[in-house]
Every structure is written in C-alpha cells, then in structure tokens.
Amino acid sequence: MTGDFTVVGGPRLNRRLPATPGLSVLVLHRGGRFNRVQLFSDLELLKPREIIAVEPKASSYDVEQLANRFPRVKFLLLQRELNPGQMINLGVQESSSSHVLVVWNTIQIQSISDRVLQSIVQGDQVCAVPLFRSERAEVIPSIFMPAFFQRTIRLIPAVPSRDGQATIYPHDYVGIYHSRRFLELGGYDGDMTSPYWQKMDFGMRAYLWGSSITSSISFRVSSTMTSIPEDTTPTIDYLRFFLKNIAVRFSGDSGYLPRFLPLRLLCKTSFGFFDTLREYRRIKTWVESNRFRYTQDARRLLELWEDQ
C-alpha cells in the first residue's frame, strides 16, 4: 500500500524497531474544511509521540505550511480514495507506538487523563472506546450489544455505564487501538465498503479470536457534526461478514465452515448463485487458513455476552 500515499512532515521514527510504549494519534478526514490549526493544537495537548493525519489528495493545499508549523504531525497524502477501515489499517501500520488513538477531524477530545490513558494502555483489549456526546452535548448510545433474533444477529444500542463494558465494535471507528493486537487480528477488512458491516466484521472477529472491545467512560469525546444513522442494508459485505463470523462453527481447537452451508445460503440470499458460491469458496479458504485462531463461535459468544 506504500504506493497509495505520500508522506509529508512528521518526526523521523524508526518503524522497523518494536513499537514503543505510548500513544500515537491517527486523524481521519471527513469532508469539508475544518480549522486544522486548532485541531492539531488540541491534539498536541495529549503529548503523543506523533500525530498521523490521513489526507485526501484534494485537501493537500496547505499541508507543507501545516507540516512546518506542527513538526510532530505526519501527513499521509492519499493517491486514491480509501474506505475508513483501509485508512485505519494504513495509519496503524505507519505508527511507531504501542497504542493508536483514532479520531475524525470532526471529533473533539473532552477528557482523558494520564491515569485513564495508563489504565487503557495496561489493559488487554484490542480497542478502548470513549463515551460520546453529540454536537448538542447529549450522551449518545455508543455501546452495541449483539443478540440473535429470528436466526439473525441484531444490535441493542446503549449508553456506556461503566469502565470495561463490552461492545461489539467501536462507534464511528473511534477509540484507542492496541497496535500489535489490531494488526494480529488483520485489522479491518479493506474489501468491505459498508462501514457498518466492516465494523461488525472486525468486532466479531476480535471476540471470536479471543480479544475484546471495551468502554472507558472517563475517556470522553464529542462530535461537531450531526450523527448519521448507520446503513445496515445487507449488501454483499453482509454475506462476507456472515461467512467469516456467524456461519463458522467451533469444534475442539479450531473453527470451520459447515460443508452443506452453500445450499442453505442459496435459498436465502439475493446475491445470485455464482456470487454466493464464489464468496463461499473464497471465505472458506480464509477460514481454513485462520482456523486455529478461533476460540469460540458466534452462538457461544452471544450466550456468554453478559459476562464480557
């Protein structure tokens, strides 16, 4: 992916060395023209080792000027459009820190003390998610609890009420990611273009492979933009999510896809015979390659969810 971006500015850190304990900040760009001087000034108050800003090519007009003003900020100028999961994968790979705080340029950090940050860094979760407030300062549901409903998986949104509360994925991708664990999980599936199913896939995989995503209510952020409802349309990404996570069965010490699953799929999906069969064969190979990384299946996970 190195051919997909150009690096401008930033500290000269050796990414070939093991990740250094500490925090990097990854800023994702979300349309419009924002006061980036104020944004980077606020983020520097966190005293991160580096700030990585992923920038679309169209917003690069003042990057050189910003890089001179903020020597701790490294700009990744994209040569092509990437989806959010791909941008996060790229940013974490470029980071030299043990943990990466992922935010959008529309997010403001309201509260995160050194004590809270230290507690998160010492935890074993792949991602710690904040308490969210809307642009009207209202606390919004940012915890998502999964449950089976009529043989499909549904999410129950809730407001986080305690530290360590489990959620199936990071709301709006925002959170503090453990770099090594994130990369070991394979990061986000960049082939998925639906943010909803991309996050669902990452979150379910984290739990099925023995990790977790938890809340930290003393870590608080707010959004400067109106929240947009998730698009949960069951596109081809839903089929990929289903095959990689919900359809997998766990037996003994490994996961597997049932042999006669395609027949049942073909009766239920609207993606067509050849597309469904092609995805099944592709994901079956993927599951077989990663079979020993599964520690449970989806049904077991949901049965034990309250204990997360």
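List of remarks:
- Any chance VAL73 is open to solvent by less than 10 Å² (accessible area, probe 1.4 Å) and over 18 Å from the mean Cα position of the chain (by Cα): yes
- Options SER215, SER161: the member that is surrounded by 20 or more Cβ atoms within 10 Å (Cβ to Cβ), within 22 Å of LEU117 (Cβ to Cβ) and not β-branched (Val, Ile, Thr): SER215
- Hey, MET204 closer than 19 Å to LEU301 by Cβ, aliphatic (A, V, I, L, M) and under 17 Å from the mean Cα position of the chain (by Cα) or not: yes
- Some residue of the stretch 94-112 being touching a residue at least 12 places away in the same chain (Cβ under 8 Å), assigned by the TED database to the domain that holds SER194, assigned to a helix (DSSP H, G or I) and under 30 Å from ASP191 (Cβ atoms): yes
- Matching entry among ARG240, ARG220 (being of a type in the set (Lys, Arg) and part of a helix (DSSP H, G or I)): ARG240
- Single residue of ARG282, ARG259, ARG205 found to be surrounded by fewer than 20 Cβ atoms within 10 Å (Cβ to Cβ) and at pLDDT 90 or above: ARG282
- The stretch 1-21, residues that are surrounded by fewer than 16 Cβ atoms within 10 Å (Cβ to Cβ) and either at pLDDT 85 or above or β-branched (Val, Ile, Thr) (or both): THR2, THR6, VAL7, THR20
- GLY91 falls short on exactly one of the conditions (1) more than 17 Å from the chain's Cα centre (by Cα); (2) in a helix (DSSP H, G or I), and that condition is (1).
- Any hit, the stretch 119-126, residues being of a type in the set (Asp, Glu), in a loop (DSSP other than H, G, I, E, B) and in contact with an Asp or Glu (Cβ under 8 Å, 6 or more places away or on another chain): no
- Scanning the stretch 140-171 for residues that are farther than 21 Å from GLN198 by Cβ and touching a His at 6+ places or on another chain (Cβ under 6 Å) yields a count of 0.
- Lone unmet requirement of (1) more than 24 Å from VAL103 (Cβ to Cβ); (2) out of contact with any Asp or Glu (no Cβ under 6 Å at 6 or more places or on another chain); (3) open to solvent by 10 Å² or more (accessible area, probe 1.4 Å); (4) at pLDDT 95 or above for SER251: (4)
- Of THR193, THR235, all but one fail to be farther than 20 Å from ALA147 by Cβ, at pLDDT below 90 and open to solvent by 10 Å² or more (accessible area, probe 1.4 Å); the exception is THR235.
- Each residue in the stretch 114-155 was checked for being touching a strand residue (DSSP E or B) at 6+ places or on another chain (Cβ under 7 Å) and closer than 23 Å to PRO48 by Cβ, and 14 of them qualify.
- Here ILE176 does not qualify as closer than 20 Å to ARG220 by Cα, part of a loop (DSSP other than H, G, I, E, B) and open to solvent by less than 20 Å² (accessible area, probe 1.4 Å).
Per-residue answers, yes or no, for (1) farther than 25 Å from PHE292 by Cα; (2) touching a helix residue (DSSP H, G or I) at 6+ places or on another chain (Cβ under 7 Å); (3) open to solvent by 10 Å² or more (accessible area, probe 1.4 Å):
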residue	(1), (2), (3)
CYS127	no, no, no
SER134	yes, no, yes
ILE143	yes, no, no
PRO157	yes, no, yes
GLN165	yes, no, yes
ARG180	no, no, yes
GLY187	no, yes, no
TRP197	no, yes, yes
SER223	yes, no, yes
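- ILE88 being of a type outside the set (S, T, N, Q) and under 19 Å from ILE213 (Cβ atoms): yes
- Criterion violated by GLY85 - all others in (1) open to solvent by 20 Å² or more (accessible area, probe 1.4 Å); (2) under 21 Å from TYR188 (Cβ atoms); (3) not hydroxyl-bearing (Ser, Thr, Tyr) satisfied: (1)
- Those residues of the stretch 31-60 which are assigned to a loop (DSSP other than H, G, I, E, B) and modelled with pLDDT of 85 or more, in sequence order: LEU45, LEU46, LYS47, PRO48, ARG49
The values are calculated or read from the model by the stated rules, or taken from the named source; none is laboratory data. Since we're looking at a predicted model, the values are computed, not measured. Positions of Cβ are backbone-derived with ideal geometry, glycine not excepted, and every protein chain shown enters the neighbour counts. Please note that ligands, DNA and RNA were not included when accessible areas were found on the heavy atoms of the full protein model with its side chains. Shrake-Rupley method; radii C 1.70, N 1.55, O 1.52, S 1.80 Å.
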